[in-house]
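Quick notes on the structure that follows.
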Amino acid sequence: MADTDGDGGSDAPASLLSEIRRRRKDARSVRHAYWLPLILFGLVIGASAPFYVLPPFGPGHPVVWTSAASLPALAPLLGQNSTALTIYWLIAIGAGPYVTWLWYLRHGRQVGLMTPARGFVIAGVVVGLLCLVLPAFQLVPGDLMVRGTLPFLIVAAGLWVLAWAERSAGLAVVAAVFTGAALLASLYNVENVLFRLGWHPTIADMRFSTLPNILLPALVLLASGAGAYLVQRRRQVAS
Amino acid sequence: MTAAAHPTNGLDETVHQRHRLGILTIAAEAESADFGYLRDALDLTPGNLSRHLTVLEDAGLVQVSKGYEGRRPRTWVKITGEGRAALTAEIAALTELVRRHDGAAPA
């Protein structure tokens with residue numbers, strides 16, 4: 001039987017448990033590298049903003065809605081938005097998890113601890129496919145799709161998977177905040193808040209009124225990513 | 001209390017040794033852990049770490065794979081399902097020992 005009659009030294013049960021907790025915390029801290037996916041997806045969402053700008057309307061500009069008619073199977077993903085936006089998100093949803101996986105592979109080799117990021121890629125692809133397929137069968141509430149921001153919820157799901165893979169409470173908090181922002185952007189016209197705060201755009205500028213719905217979730221990710229970078233950098237320097 | 005119920009019976013000599021416990025703890029936190037990271041984190045010499053890894057590998061608790069990244073040789077250590085179960089059992093036994101010790105301590 002193992003020797004447990006320690007004299008309070010390093011083999012005493014309490015000491016061993018404390019050491020296990022410390023090693024676990026250290027290993028997780030070294031593995032954490034989620035600042036890059038946060039910045040990446042923040043930029044991806046931010047860069048999609050031009051696709052959400054409404055066509056000119058008002059005097060002399062008849063209202064013309066573009067549609068995803070040329071890609072009818074994907075139209076439900078993005079509501080009444082352009083084919084370009086549909087293609088943009090298809091590429092982003094495919095490439096984003098792949099780039100993230102490559103990043104974790106590189107980071108793991110550098111620090112000597114591999115994050116199980118393959119699960120993130122698989123989960124990302126599965127969730128992405130479900131989000132493409134379910135709306136076609138009207139299994140997703142229309143309210144979540146009407147603003148064309150369903151991809152934000154796919155990103156949110158990806159962040160939850162990543163938080164699990166990283167065993168990171170910090171990333172779970174970011175995922176929760178971002179999920180809230182993504183739901184708000186999907187269910188509410190965020191520009192209403194700006195109207196109340198005193199933003200009164202001209203009729204010509206109203207075509208940009210959709211942008212707060214896009215920029216708010218993007219800013220959440222970019223700010224969180226920048227914060228995470230500083231924290232993770234400081235830890236690296238300290239160790 | 002019967003001897004069979006005593007938590008020390010849940011302790012496995014192979015796992016209980018603190019460096020091997022350290023190896024399993026770190027390996028359980030990652031898909032795989034580099035030999036160099038384990039050596040530095042546990043403050044062991046390469047020879048010592050190799051010996052502990054051999055014990056764990058022979059017991060089926062870790063898998064060791066050697067390869068190259070460019071010209072640099074690298075050794076990766078991956079915990080097995082059996083290793084995870086052994087670590088969980090060890091932590092449970094240690095926790096129970098501490099609980100009993102604290103319960104028996106005079107107020």
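The values are calculated or read from the model by the stated rules, or taken from the named source; none is laboratory data. It should be emphasised that the depicted structure is a prediction, and the values quoted were computed from it without experimental measurement. All Cβ positions, glycine included, derive from the backbone under ideal geometry; neighbour counts span all protein chains shown.
Within region B:61-98, take every residue that is farther than 21 Å from A:R24 by Cα and modelled with pLDDT under 90 and give me the one that is nearest to the other protein chains (Cβ to nearest Cβ).
Per the stated criteria, the residue is B:E69.
Filter region A:90-119 down to the residues that are out of contact with any Gly (no Cβ under 7 Å at 6 or more places or on another chain) and modelled with pLDDT under 85, then identify the one that is nearest to the other protein chains (Cβ to nearest Cβ).
Ranking the qualifying residues of region A:90-119, first place goes to A:P116.
Let's see how each residue does on (1) in contact with a Pro (Cβ under 8 Å, 6 or more places away or on another chain); (2) over 14 Å from B:L21 (Cα atoms):
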position: B:Q63; (1), (2): no, yes
position: B:Y68; (1), (2): no, yes
position: B:P73; (1), (2): no, yes
position: B:G81; (1), (2): no, yes
position: B:R84; (1), (2): no, no
position: B:L87; (1), (2): no, no
position: B:E90; (1), (2): no, no
position: B:L94; (1), (2): yes, no
position: B:L97; (1), (2): yes, yes
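Quick check on my filter: what residues within region B:1-26 are of a type in the set (V, I, T) and at pLDDT 75 or above?
Answer for region B:1-26, where residues must be of a type in the set (V, I, T) and at pLDDT 75 or above: B:T14, B:V15, B:I23, B:T25, B:I26.
With A:V237, A:V193, A:V127, A:V173 as the choices, which residue is among the hydrophobic types (A, V, I, L, M, F, W, C) and surrounded by 14 or more Cβ atoms within 10 Å (Cβ to Cβ)?
None of the other options fit; the residue is A:V127.
When you check A:L134 against the structure, is it out of contact with any strand residue (DSSP E or B) (no Cβ under 8 Å at 6 or more places or on another chain) and either surrounded by fewer than 22 Cβ atoms within 10 Å (Cβ to Cβ) or modelled with pLDDT of 85 or more (or both), yes or no?
Judged against the criteria, A:L134 is a match.
Restricting to region B:51-99, count the residues that are surrounded by 15 or more Cβ atoms within 10 Å (Cβ to Cβ) and in contact (Cβ under 8 Å) with a residue 40 or more places away in the chain.
Of the residues in region B:51-99, 18 are surrounded by 15 or more Cβ atoms within 10 Å (Cβ to Cβ) and in contact (Cβ under 8 Å) with a residue 40 or more places away in the chain.
Just to be sure I understand the filter: pairs with C-beta atoms under 7 Å, separated by 6 or more residues or on different chains, first member in region A:93-116 and at positive phi, second member part of a helix (DSSP H, G or I). Which pairs pass?
That search, which allows pairs on different chains as well, returns A:G112/B:G36; A:G112/B:Y37.
In region A:196-219, how many are part of a helix (DSSP H, G or I) and surrounded by 14 or more Cβ atoms within 10 Å (Cβ to Cβ)?
12
Give me the residue from region B:40-81 that is touching a helix residue (DSSP H, G or I) at 6+ places or on another chain (Cβ under 8 Å) and assigned to a loop (DSSP other than H, G, I, E, B) and, out of that set, nearest to A:L105 (Cα to Cα).
Here the residue is B:L61.
So the check is Cβ under 6 Å with 6+ separation or different chains; which pairs have a first residue in region B:31-46 that's at the interface with chain A (Cβ under 9 Å from one of its Cβ atoms) and a second one that's surrounded by 14 or more Cβ atoms within 10 Å (Cβ to Cβ) and assigned to a loop (DSSP other than H, G, I, E, B)?
Listed by first residue and then by second, the contacts come to B:E31/A:P116; B:D34/A:G112; B:G36/A:G112; B:Y37/A:G112.
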